[in-house]
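Report on the following structure.
The values are calculated or read from the model by the stated rules, or taken from the named source; none is laboratory data. Since the structure is predicted, the reported quantities are computational estimates derived from the model, not experimental observations. Every residue, glycine as well, gets a Cβ built from its backbone with ideal geometry; the counts of neighbours run over all protein chains shown.
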Amino acid sequence: MNLNKEEIQYYHRHLILPQIGKTGQQALKKAKVLVIGAGGLGCPTLMYLSGAGVGRIGIVDPDKVAVSNLHRQVLYGFSQVGKFKAEAAVNRLKDLNPNIFLKAYTQRLSPENAFDLISQYDVVVDATDNFPTRYLINDFCVYLNKPFVSGSIDRFQGQLSVLNFTDNQGNKCPTYRCLYPKPPAPETAPDCAQNGVIGVLPGIIGNLQANEVIKMICGVGEVLSGKVLMFDALNNQMMLFSIQRNEQAVQQALQNAPDFESFNYESFCSSSQQKINEISAVDLHKKLQNNEKLQLIDVRSIPEFQVELPNAIRIPLNNLQTNIHNILKNDSQVVFYCDHGINSTRAIRMLPNHQNLKNVFNLTGGLVAWLKEEKNRTMSARNYFIQGAIDPVFIGEQIAKHSSKHDIGAHSIFLGQVRADEKVGKHVAGIEYSAYEDMANQAFSKIREEAFEQWSLNCLHIYHSTGLVKTGEVSLFVFCSSGHRKESIKAMEQIVECVKHKVPIWKKEIMEDKSVHWVQE
Amino acid sequence: MQVNVIFFGVLSDVVGKNMLTIQDTVNMNDLKSKLITNYPDLKDYTYRMAVNQQMVEDNYLLFDNDSVAVLPPFAGG
């Protein structure tokens, strides 16, 4: 792992440190680090690990950049809102250090993929925002014998520890389960979206995580293993607490190995208290449509999403105790909601003990889920069909409409045309298309949604003919736009294949002599 | 004898302050039940307790002026 001329210049300030020098820098170049979570903690960790020259960095995050991320997630700006964090991070970091190899994983870390992902790396950084993933990372790191740097934050305080580390005497050090053998009930452990967080805090803790990774790789200083650091940004207090390895807790991590796929981390971290009724956004919408008697209660104090559900009463969580008696007197159904569905769960838990929870519901996933469902509804209401052939003038107009969208760098356009095939001595004069349109529209919407998930697209329009289309006329028009050509070309190929294979449309060829031939695909 | 107890994260909300002094407590078990008597909501929470910066188990003996920290796990990232 020799360093080239550019690298020697780039890493000059490291190379002149006797503790790092050429050996340390080469060790960094050889190292492979997987950063799980590219949010508040992940952003600073990634910036400094990239700058430090870690040779291979994997970034796992299924989320897309949101406006409420920007105050602390320093890798992103407004132009990345809506893009996958892992991909936006790779693009930014490539510019920061072109000497390293970066890989984006836009899927959620799960028991199904954790083995493959983690086994490819030497060190893992836990920069996630939820307990199921924290326990999942712990268990796979224990199983695969990888050290991991755990960081977590809450409002003004942060925790940091290097876990499952093997010291230079070969001793195994504590794991996350040694620190916290049992996950907290979800409503007792709110995350940043519910509780808030001061923007600089993940900056501080994330940098400390990067520092521990670098120390571990270079073998310098004292690794924060067997200890947990608590930092308080309000009084600058840093306290270290020593922890012991607990073999029983370690065995808990391994008890499902190697059959981790059957272990449900979500339910392991879910509540054991009295069951709360959940209502999905789909079901709530149905109830509202049917004019069922429902009382909606919005418990947000400062809403993240400017959405009001019909006839909702707003009672912020802190005022709930004093106001709740007026609401629950009658026996109509009550639905509590907030932005993410956690504070509303806490609200229901705060109801007096004698309260019968039979008619009380929590909107699962909160307004995030509601908005997603709303989007799905508008998508399935969308009509992708055009009666008869698609007019080239219409195609031209669609292209013209996009000239005002300045973030587009490439359009891919696919036109399917009716071909004059020859069958048993007769030519095809046209094709008559028929479809069960509701079902087909849903299939089109699903293709569209999946394409937006998978590719970085700005626009995607699909039009298909129904009824008779003559030879030489256009019956399928797909139009996708992206910032760059490669993305739009690759996406187009896949979208057209999906349309051909997944949308139930039947074709009847009409021959020159008016005889017909059903096309089997 | 007395011990000082410091609360972190969400637990300082449950207790309503960051720090408390508890009188006449002999070991961690006893301290825990005293805390839960005063703050019943604590029983729903997950946390570890450290005495003089060392995580300890429930039977650990307490001495005058010991400093106890109560640490919940944090979710956020």
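Can you name the residue in region A:130-153 that is over 18 Å from the mean Cα position of the chain (by Cα) and facing another protein chain (nearest Cβ under 9 Å) and is also farthest from A:GLY37 (Cα to Cα) among such residues?
A:ILE153
Residue by residue, here is whether (1) touching a Phe, Trp or Tyr at 6+ places or on another chain (Cβ under 8 Å); (2) free of Cβ contacts under 8 Å to residues at least 60 places away in the same chain; (3) of a type in the set (Val, Ile, Thr); (4) assigned to a strand (DSSP E or B) holds:
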residue: A:GLU212; (1), (2), (3), (4): no, no, no, no
residue: A:MET216; (1), (2), (3), (4): yes, no, no, no
residue: A:GLY221; (1), (2), (3), (4): no, no, no, no
residue: A:MET238; (1), (2), (3), (4): yes, yes, no, yes
residue: A:ALA249; (1), (2), (3), (4): no, no, no, no
residue: A:LYS286; (1), (2), (3), (4): no, yes, no, no
residue: A:ASN291; (1), (2), (3), (4): no, yes, no, no
residue: A:ILE297; (1), (2), (3), (4): yes, yes, yes, yes
residue: A:ASN311; (1), (2), (3), (4): no, yes, no, no
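I'd like to know if region A:501-515 contains one or more residues that are assigned to a helix (DSSP H, G or I), without any contact (Cβ under 8 Å) to a residue 24 or more places away in the chain and closer than 20 Å to A:ILE390 by Cβ.
No, that holds for no residue.
Just one of the numbered conditions (1) crowded, with 23+ Cβ neighbours inside 10 Å; (2) at the interface with chain B (Cβ under 10 Å from one of its Cβ atoms); (3) of a type in the set (A, V, I, L, M); (4) more than 23 Å from the chain's Cα centre (by Cα) is not true of A:VAL213; which one?
Evaluating A:VAL213 over (1) crowded, with 23+ Cβ neighbours inside 10 Å; (2) at the interface with chain B (Cβ under 10 Å from one of its Cβ atoms); (3) of a type in the set (A, V, I, L, M); (4) more than 23 Å from the chain's Cα centre (by Cα) leaves (2) as the failure.
Answer yes if at least one residue in region A:187-195 is assigned to a helix (DSSP H, G or I), without any contact (Cβ under 8 Å) to a residue 12 or more places away in the chain and closer than 23 Å to A:THR133 by Cβ, and no otherwise.
yes
In the set A:LYS358, A:LYS423, A:LYS375, A:LYS401, which member is exposed (fewer than 13 other Cβ atoms within 10 Å of the Cβ), under 30 Å from A:LYS508 (Cβ atoms) and basic (Lys, Arg)?
Result of the check over A:LYS358, A:LYS423, A:LYS375, A:LYS401: A:LYS423.
Kindly indicate whether any position in region A:154-163 is touching a Phe, Trp or Tyr at 6+ places or on another chain (Cβ under 7 Å), within 22 Å of A:ASN343 (Cβ to Cβ) and more than 9 Å from chain B (Cβ to nearest Cβ).
no
Only one residue in A:ALA114, A:ALA127 is more than 18 Å from B:PHE8 (Cβ to Cβ) and in contact with a strand residue (DSSP E or B) (Cβ under 8 Å, 6 or more places away or on another chain), so which one is that?
A:ALA127
List every residue pair whose Cβ atoms lie under 7 Å apart, where the two residues are 6 or more positions apart in sequence or sit on different chains, the first residue falls within region B:60-76 and is within 23 Å of A:GLY37 (Cα to Cα), and the second residue, located anywhere, is in a loop (DSSP other than H, G, I, E, B) and of a type in the set (S, T, N, Q).
Listed pairs, sorted by first residue: B:PRO72/B:THR46; B:PRO73/B:THR46; B:ALA75/A:ASN130.
Only one residue in A:ALA420, A:ALA410 is more than 23 Å from A:LYS500 (Cα to Cα), touching a residue at least 12 places away in the same chain (Cβ under 8 Å) and in contact with a His (Cβ under 8 Å, 6 or more places away or on another chain). Which one?
Sole residue among the options that is more than 23 Å from A:LYS500 (Cα to Cα), touching a residue at least 12 places away in the same chain (Cβ under 8 Å) and in contact with a His (Cβ under 8 Å, 6 or more places away or on another chain): A:ALA410.
What number of residues in region B:1-18 are closer than 27 Å to A:PHE131 by Cβ and under 11 Å from the mean Cα position of the chain (by Cα)?
Total satisfying the criteria: 8.
Name the residues in region B:26-77 that are assigned to a helix (DSSP H, G or I) and either facing chain A (nearest Cβ under 7 Å) or in contact with a Gly (Cβ under 8 Å, 6 or more places away or on another chain) (or both), would you?
Answer for region B:26-77, where residues must be assigned to a helix (DSSP H, G or I) and either facing chain A (nearest Cβ under 7 Å) or in contact with a Gly (Cβ under 8 Å, 6 or more places away or on another chain) (or both): just B:ASP44.
For residues that are part of a loop (DSSP other than H, G, I, E, B) and charged (D, E, K, R), scanning just region A:74-110, find the one that is farthest from A:ILE408 (Cα to Cα).
Only one residue tops the list, namely A:ARG108.
Can you find a residue in region A:342-361 that is farther than 30 Å from A:ASP139 by Cβ, modelled with pLDDT under 85, within 14 Å of another protein chain (Cβ to nearest Cβ) and within 30 Å of the chain's Cα centre (by Cα)?
no
Give the residue that is farthest from the other protein chains (Cβ to nearest Cβ), with candidates limited to residues of region A:216-258 that are buried (at least 17 other Cβ atoms within 10 Å of the Cβ), among the β-branched types (Val, Ile, Thr) and farther than 17 Å from B:TYR47 by Cβ.
By that ranking, first place goes to A:ILE217.
Quick check on this structure: which one of A:PRO183, A:PRO202 is within 11 Å of another protein chain (Cβ to nearest Cβ), part of a loop (DSSP other than H, G, I, E, B) and touching a residue at least 24 places away in the same chain (Cβ under 8 Å)?
A:PRO183
Going by the structure shown, is A:LEU476 at pLDDT 90 or above, more than 18 Å from A:PRO392 (Cα to Cα) and in contact with a helix residue (DSSP H, G or I) (Cβ under 9 Å, 6 or more places away or on another chain)?
Criteria not met by A:LEU476.
Residue check, B:SER12 against (1) over 23 Å from A:GLY226 (Cα atoms); (2) surrounded by fewer than 17 Cβ atoms within 10 Å (Cβ to Cβ); (3) facing another protein chain (nearest Cβ under 10 Å), all met but one. Which one?
Condition (2) is where B:SER12 drops out.
Within region A:404-414, can you find the residues that are under 21 Å from A:ALA491 (Cβ atoms), loosely packed, with under 14 Cβ neighbours inside 10 Å and not charged (D, E, K, R)?
Passing the criteria: A:HIS406, A:GLY409.
So for region A:272-282 (the condition being surrounded by 12 or more Cβ atoms within 10 Å (Cβ to Cβ), within 27 Å of the chain's Cα centre (by Cα) and either modelled with pLDDT under 80 or assigned to a helix (DSSP H, G or I) (or both)), does at least one residue qualify?
yes
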